């Protein structure tokens, strides 16, 4: 799934979690952890390609068939950041260090869960890495019909969240009585 959709799904899930648990979850941090796996694996190559474009080293931001495989080291980062096992270890370490769970990090797990059925081919998520390289060959999130469905669902969810928040504020407002 694209990075903007990950941020939106993570924020919506965090808002629902915060509203129902009354835990002071920070939505901005949940959004960060929701996009973290992609930032971790693709930020450096993206910055390098932008730099190459700005300096005239390349004429395109996208790799082409003739270009050398400059960024093969990205795949281990991708598999690492998209692994439930790696997530569980990091989540557990952070819990031990902080002496409490950092629930915002659950958005990282949501990212992986969303990516499993929406990635295919070389981007199939190896969610049990490093123990397994199995990757489910799902649908491609770039399909127009899926993008339309995904963003319609997000728009519907955020409209519902907004209505729920408006109703809650109306019930607690002194002028509503």
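The values are calculated or read from the model by the stated rules, or taken from the named source; none is laboratory data. Because the structure is a prediction, the values reported are computed rather than measured. All Cβ positions, even for glycine, are placed from backbone atoms using ideal geometry, and neighbour counts span all protein chains on display.
Out of the residues in the stretch 57-101 that are assigned to a loop (DSSP other than H, G, I, E, B) and modelled with pLDDT of 80 or more, state the one that is surrounded by the most Cβ atoms within 10 Å (Cβ to Cβ). Going through the qualifying residues, I end up with 82.
Just a yes or no: is a residue in the stretch 118-139 part of a helix (DSSP H, G or I), modelled with pLDDT of 95 or more and either touching a helix residue (DSSP H, G or I) at 6+ places or on another chain (Cβ under 9 Å) or within 22 Å of residue 18 (Cα to Cα) (or both)? No: the stretch 118-139 contains no residue that is part of a helix (DSSP H, G or I), modelled with pLDDT of 95 or more and either touching a helix residue (DSSP H, G or I) at 6+ places or on another chain (Cβ under 9 Å) or within 22 Å of residue 18 (Cα to Cα) (or both). The condition of being assigned to a helix (DSSP H, G or I) and within 12 Å of the chain's Cα centre (by Cα) holds for only one of 16, 8, that being 8.
Report whether or not residue 111 is crowded, with 17+ Cβ neighbours inside 10 Å and assigned to a loop (DSSP other than H, G, I, E, B). Full working, then the answer.
Details: crowded, with 17+ Cβ neighbours inside 10 Å: yes; assigned to a loop (DSSP other than H, G, I, E, B): no.
Answer is no for this residue.
Yes or no, residue by residue, for (1) touching a residue at least 24 places away in the same chain (Cβ under 8 Å); (2) more than 24 Å from residue 161 (Cβ to Cβ):
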| site | (1), (2) |
| --- | --- |
| 23 | yes, no |
| 33 | yes, no |
| 41 | yes, yes |
| 48 | no, yes |
| 51 | no, yes |
| 54 | no, yes |
| 57 | no, yes |
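Does residue 149 satisfy the criteria of being part of a helix (DSSP H, G or I) and either free of Cβ contacts under 8 Å to residues at least 24 places away in the same chain or farther than 16 Å from residue 3 by Cβ (or both)? Break it down into steps so the answer makes sense when it comes.
Numbers: part of a helix (DSSP H, G or I): yes; either free of Cβ contacts under 8 Å to residues at least 24 places away in the same chain or farther than 16 Å from residue 3 by Cβ (or both): yes.
Criteria met by residue 149.
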